[in-house]
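Down below is the structure, laid out as structure tokens.
The values are calculated or read from the model by the stated rules, or taken from the named source; none is laboratory data. Remember, it's a predicted structure, so these values are computed and weren't measured experimentally. Every residue, glycine as well, gets a Cβ built from its backbone with ideal geometry; the counts of neighbours run over all protein chains shown.
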Amino acid sequence: MMSALNQHLGVMKIALRRMFTSPLAGFLNVLVIGIALSLPAGMYVLLKNTQNLVAQLSGLPQISLFMMMETTRDDVAQLRNQLARHEGIRGIEFVSRTTALEQLGKNSGLDDVIAGLEDNPLPDAFVISPAAIDAKSLEELRNELQQLPGVELAQLDSAWAYKLEAILEFARIAVLVLASLLSLGLIAITFNTIRLQILTQRDEIQISRLIGATDAFIRRPFMYFGALQGLFGGIAAWLIIALGLQLLKQPLATLSQLYSSTFTLQALSFSDSLSLLLFSVYLGWLGAWLSVARHLSQTEPR
């Protein structure tokens, strides 16, 4: 076990030495990979922050439940308990008929007219804050609440939710397409880098095959090289994104103060950062594997 581990560590050291044999070339390769990865990853971060900003500016969606006029206090209390136990509801606010009429008078300036009414025409109501804010979940919750006993009308303005969701879905697809194209580019970069290394070490590889070296043994240092190059590129991408967010932090704070907001940019989470690094390592590994596999398939052992 220790022998195998030491062997892999030795191969990794060889790969690191090869990577920085020409420091400038190695740095430029890592920088290119970092910049390419930072573009879709940065767009993903901005997309998440935009979604949070829109939610703050537009406010969370709410569903208004208007009760039937003949509903009693016991019916209201029973419905309140039922709503409080619902998993899809985050918050509940009860607005009585009297409170609703008073607010209507203050907002409309028709206090005298309302005071002359013999009966209160407004029903009791509940203002529901849903746990989920996507359009489909909101519609399903509204339809469910509409069927509850004592509910006359469940009202939801979901048009803005559908518009926002359509825009965000378009942005997600754009990020995915960009990430896919750049991923192919990064695989090509690693492929060519490894191909050049193979060409410079062709005699060494041929001798290794003559003395019985397996394809796995020959492939291993190149695979480590590709994976390490991808790892350093992923780290560079993370640093570029962190630096970009830091540069935007102060201008955004000034803008937030002007709009009386407390919005702040959210950086990549731990899971997102780990995914970025693992993905960059995989791209480097895949590019190296394709390059070595192509070379080995074209050279038969003697």
For residues in the range 23-68 being under 30 Å from LEU228 (Cβ atoms) and among the aromatic types (Phe, Trp, Tyr), which is modelled with the lowest pLDDT? PHE27
Does ALA267 count as in the same structural domain as LEU39 (by TED's automatic domain parsing), within 21 Å of the chain's Cα centre (by Cα) and either within 20 Å of GLN51 (Cβ to Cβ) or at pLDDT below 70 (or both)? yes
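Being assigned to a helix (DSSP H, G or I) and polar (S, T, N, Q) is the filter; apply it to the range 270-302 and report the residue that is modelled with the lowest pLDDT. Walk me through it before giving the result.
Initial filter on the range 270-302 (assigned to a helix (DSSP H, G or I)): 270-298.
Still in the list and also polar (S, T, N, Q): 271, 273, 275, 280, 291, 297-298.
Values: SER271: 89, SER273: 90, SER275: 91, SER280: 91, SER291: 85, SER297: 74, GLN298: 69.
The extreme case among them is GLN298.
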Taking interchain pairs and intrachain pairs at least six residues apart, which have beta carbon atoms under 9 angstrom, with the first residue in the range 173-188 and within 17 Å of LEU290 (Cα to Cα) and the second hydroxyl-bearing (Ser, Thr, Tyr)? LEU186/SER280
Of (1) assigned to a helix (DSSP H, G or I); (2) modelled with pLDDT of 75 or more, ARG18 satisfies all except one. Which? (2)
Looking only at helices (runs of 4 or more DSSP H) that lie completely in the range 109-213, which have at least 3 residues being at pLDDT below 80 and closer than 30 Å to LEU286 by Cα? 159-200, 202-210
